[in-house]
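Just below is one structure, and these are the notes that go with it.
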Amino acid sequence: MLSDFDFELPAGLIAQRPVRPRDHARLLVYNRKTRRIIDEHFYNLDKYLVDKTSLVLNDSKVEKCRLGFGSTEVFVLETLDNFTVRALVRPGKEFLPGKTTRPASALRVETLAVDADGVRTLKLSKELGDPDLDKYRQTPLPPYIKPDESLAADYQTVYARAQGSKAAPTAGLHFTRRQLAELGGRFNIIRLTLHVGLGTFAPVKSDDISQHKMHSEDYFLSAKAASQLNKSSHLTAVGTTSLRCLESINRPFTEASGSTDIFITPGYKFKNVDSLVTNFHLPRSTLLMLVAAFLGSVDELHKIYQHAITQKYRFYSFGDAMLII
């Protein structure tokens, strides 16, 4: 049930800004065999990684996909053609089927259709890439973080390469270039791409979580990455997006591109991922359900989260990290 994944979080523990340097975030280490919790810092991650593990990173880069026009917003999820997009909007009453909205003097927006989940199909009067729209483009910081474009660089991993995400793969935000270089001297580092979209951050609305339908997200696995994965005896996924991509592909790994709508909940049998680096997630979210599945216990999830709250860990996108081994 959805209520199994609820918890109370003091508002003061929702991180509004990242820790600097990035790797000075705190790290909660949890051992599934011993059920032991260790309080650490992310710069000591290497001390707790399993010997000979491979770190798997999602190198997707966040797009400036939010068009902000004061109180009106168009959050572009998908481009159908140069003028037609699928998007979340605010306020919804301004974007009804057949209605044309003018959020700025430079733009008219016609609403062609509204899906059951509120996603609109919109026809723009200008191409989405038109320079006239540049001043309205914003980094899609989550709604629980106060809008601040000065945080745009902080909301990208240092290894981001393939542009296409609508939200950051936040577990990777903790790495610095120096730390990655040092880790690369001891562990194999493998990169894949999964573009983060509604599949990751859409809320669960059904009390029966088995009725929730995940939106698909596009991924790409190179031939080089596939070869590295096949040679790895132990995989540590950095982030739930890396994990979902790995669990969507069968061994032996081969070069692949496609989309996944995999929804991982308690009871799921993991076939590829052995350890997980992740952040602390929102109540009732699919990410929290995935972490509970990886822990193998909803009760252990609540125990760990209560410990994190008591110890004043910072939560959500700019918050602290957890390593599950």
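The values are calculated or read from the model by the stated rules, or taken from the named source; none is laboratory data. This structure is a prediction, so every number in the text was calculated from the model and none was measured. Because the Cβ atoms are built from the backbone with ideal geometry, glycine has one as well, and the counts that use them run over all protein chains shown. What goes into the accessible areas is simple: the full protein's heavy atoms, side chains included, and nothing from ligands, DNA or RNA. Shrake-Rupley method; radii C 1.70, N 1.55, O 1.52, S 1.80 Å.
As a summary of the residue check, Ile189 satisfies the conditions (1) assigned to a strand (DSSP E or B); (2) farther than 23 Å from Phe69 by Cα; (3) open to solvent by 30 Å² or more (accessible area, probe 1.4 Å); (4) in contact with an Asp or Glu (Cβ under 7 Å, 6 or more places away or on another chain) except for the one numbered (4). When each of Phe270, Phe280, Phe187 is tested for being under 14 Å from the mean Cα position of the chain (by Cα), of a type outside the set (A, V, I, L, M) and closer than 29 Å to Leu27 by Cα, the lone residue that passes is Phe280. In the stretch 115-151, of all residues being among the basic types (Lys, Arg) and not in a loop (DSSP other than H, G, I, E, B), the one that is surrounded by the fewest Cβ atoms within 10 Å (Cβ to Cβ) corresponds to Lys135. Put simply, of Gly185, Gly164, Gly172, Gly197 the only residue that is small (Gly, Ala, Ser) and free of Cβ contacts under 8 Å to residues at least 24 places away in the same chain is Gly185. Restricted to the stretch 54-74, and to residues there that are over 16 Å from the mean Cα position of the chain (by Cα) and either of a type in the set (Lys, Arg) or open to solvent by 10 Å² or more (accessible area, probe 1.4 Å) (or both), the residue that is nearest to Lys166 (Cα to Cα) is Arg66.
Condition first: within 25 Å of Leu2 (Cβ to Cβ) and among the aliphatic types (A, V, I, L, M). Can you find one or more residues in the stretch 217-228 that meet it?
Checked the stretch 217-228: no residue is within 25 Å of Leu2 (Cβ to Cβ) and among the aliphatic types (A, V, I, L, M).
Checking Asp39, Asp81, Asp51, Asp6 one by one, the residue that is open to solvent by 30 Å² or more (accessible area, probe 1.4 Å), more than 27 Å from Pro169 (Cβ to Cβ) and not hydrophobic (A, V, I, L, M, F, W, C) is Asp81 and no other.
Test Thr278 against the stated conditions and say whether it is surrounded by 17 or more Cβ atoms within 10 Å (Cβ to Cβ), under 18 Å from Leu57 (Cβ atoms) and either modelled with pLDDT under 95 or touching a Leu at 6+ places or on another chain (Cβ under 6 Å) (or both). No; evaluated as a whole, the condition is false for this residue. Scanning the stretch 98-114 for residues that are surrounded by 15 or more Cβ atoms within 10 Å (Cβ to Cβ), within 13 Å of Arg86 (Cβ to Cβ) and free of Cβ contacts under 8 Å to residues at least 24 places away in the same chain yields a total of 2. Inspection of the stretch 250-257 finds a residue satisfying the criterion of being assigned to a loop (DSSP other than H, G, I, E, B) and either buried (at least 17 other Cβ atoms within 10 Å of the Cβ) or of a type in the set (A, V, I, L, M) (or both).
Taking every residue in the stretch 299-325 that is on the phi > 0 side of the Ramachandran plot and pairing it with any residue that is surrounded by fewer than 22 Cβ atoms within 10 Å (Cβ to Cβ) and not in a loop (DSSP other than H, G, I, E, B), at least 6 positions away or on another chain, the pairs with Cβ-Cβ distances below 7 Å are Lys312/Leu13; Tyr316/Ile14. Just to be sure I understand, how many residues within the stretch 19-73 are in contact (Cβ under 8 Å) with a residue 60 or more places away in the chain, in a loop (DSSP other than H, G, I, E, B) and within 12 Å of Ile324 (Cβ to Cβ)? Total meeting the criteria: 5. Only one entry of Gly98, Gly118, Gly68 meets the criterion of being out of contact with any Lys or Arg (no Cβ under 9 Å at 6 or more places or on another chain) and within 30 Å of Glu217 (Cβ to Cβ), and that entry is Gly118.
Taking every residue in the stretch 245-258 that is closer than 14 Å to Ala223 by Cα and pairing it with any residue that is open to solvent by 40 Å² or more (accessible area, probe 1.4 Å), at least 6 positions away or on another chain, the pairs with Cβ-Cβ distances below 7 Å are Pro252/Asn230; Phe253/Asn230; Glu255/Ala223; Ser257/Phe220. When restricted to residues that are open to solvent by 10 Å² or more (accessible area, probe 1.4 Å) and outside any loop (DSSP other than H, G, I, E, B), the stretch 299-325 contains 8.
Taking the criterion of being touching a Ser or Thr at 6+ places or on another chain (Cβ under 9 Å) and either closer than 22 Å to Leu88 by Cβ or in a helix (DSSP H, G or I) (or both), would at least one residue in the stretch 176-183 satisfy it? No, there is no match, as no residue in the stretch 176-183 is touching a Ser or Thr at 6+ places or on another chain (Cβ under 9 Å) and either closer than 22 Å to Leu88 by Cβ or in a helix (DSSP H, G or I) (or both).
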